[in-house]
Amino acid sequence: MHADTGISALTGLIPSSGSAVTLVSDTFTDTGGTNLTAHTPDIRPGSNAWVAVAGTIDIQANKAQGENSANQYYSIDAGQADVTISADVTPSATTAGSWGISGRISDASNSWDVTVNASAGSFRLYEHNAGVYTIRASAAVTINNGTAYTLAGQFSGQNVTATINGGNQISYGSATLNQSTTKHGLNVPTAWTADNFKVTNP
Amino acid sequence: MIRARLVIPWKGTGKLADPYRPRIVDDYPMQQQDVTAQPVASIIPGPNLLTIEAIMPDATLADIEADPNYGPGAVLWSEPYPG
């Protein structure tokens, strides 16, 4: 287990760069095979923990790794819906498709997904609404399996803006689904990994 | 580069492996966003269309206008990007 220490354990609110406040931060430093539900993030609001919404994500080599070929979502309640979420996501040829990080997750059928897809050469923002997937914005980007990409999604009211490695900005201005949902997290399948997950405000 | 607003057919079934999407993203590389914002519940790929705003190389827009699947009628407006 990775224990909370210092003031972060008390408040979960740590000033980040500029005026941003870190609500959740996780470098996934823990024993291999630990399910995220049994792992304590580095920074979190109160005693909020990772929740398995669908599938299984555990820790391998100090990164979060998916263990299911189908959809899997793990979320943590950051306490706020208008946030910026980010993580370093490494896709794998083992499970081709579009996965990455997710914001405003209410259940396994409703979320906003910021994804990469190597076979399609695409960076995408999905509205996942009642189990139906709709690409609301995308950019043609060369994606190499085995390479880490920093995915970020900024949620502000009905506006969602996403970037990959700080560029190729895509956005959608009518994000009414789950507008007040405060749970955000990961959506990585078998052999995909995520590291340095962070939720900040703004 | 060109920024353009296009009227495009929907494609897909809404499944993870075949999401609803503007058909043109399968045919031409571009950066695009849905500006119609049609509710998911009422998306029916045929015959419905959607409007996207896209950024692409000049040559890509020329190819789209020459493509019988889209044609110049698919382009509402275009302008140099950045302006």
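Checked against the criteria, A:ASN129 does not count as within 10 Å of chain B (Cβ to nearest Cβ), at positive phi and out of contact with any Ser or Thr (no Cβ under 6 Å at 6 or more places or on another chain). Of all residues in region A:171-202, those satisfying the criterion of being in contact with a Gly (Cβ under 9 Å, 6 or more places away or on another chain), at negative phi and part of a loop (DSSP other than H, G, I, E, B) are A:ALA175, A:GLN179, A:THR181, A:THR182, A:VAL188, A:PRO189, A:TRP192. For region A:116-126, the set of residues classified as farther than 11 Å from B:TYR20 by Cα and either at the interface with chain B (Cβ under 10 Å from one of its Cβ atoms) or surrounded by fewer than 21 Cβ atoms within 10 Å (Cβ to Cβ) (or both) consists of A:ASN117, A:ALA118, A:SER119, A:ALA120, A:GLY121, A:SER122, A:PHE123, A:ARG124, A:LEU125, listed by residue number. For A:SER122, indicate whether it is out of contact with any Leu (no Cβ under 6 Å at 6 or more places or on another chain) and free of Cβ contacts under 8 Å to residues at least 40 places away in the same chain. Here the answer is yes, as A:SER122 does meet what is asked. Of all residues in region A:64-85, exactly one satisfies the criterion of being touching a Lys or Arg at 6+ places or on another chain (Cβ under 6 Å) and crowded, with 22+ Cβ neighbours inside 10 Å, namely A:SER75. Scanning region A:132-160 for residues that are closer than 22 Å to B:ASP26 by Cα, within 12 Å of chain B (Cβ to nearest Cβ) and β-branched (Val, Ile, Thr) gives A:VAL132, A:THR134, A:ILE135, A:VAL141, A:THR142. Within region B:15-28, the set of residues being at pLDDT 95 or above and either surrounded by 15 or more Cβ atoms within 10 Å (Cβ to Cβ) or part of a loop (DSSP other than H, G, I, E, B) (or both) comprises B:PRO19, B:TYR20, B:ARG21, B:PRO22, B:ARG23, B:ILE24, B:VAL25, B:ASP27, B:TYR28.
The values are calculated or read from the model by the stated rules, or taken from the named source; none is laboratory data. What you see is a predicted model; the values in this text were computed from it and never measured. A quick note on method: Cβ atoms are made from the backbone with ideal geometry, for glycine too, and the neighbour counts reach across all protein chains shown.
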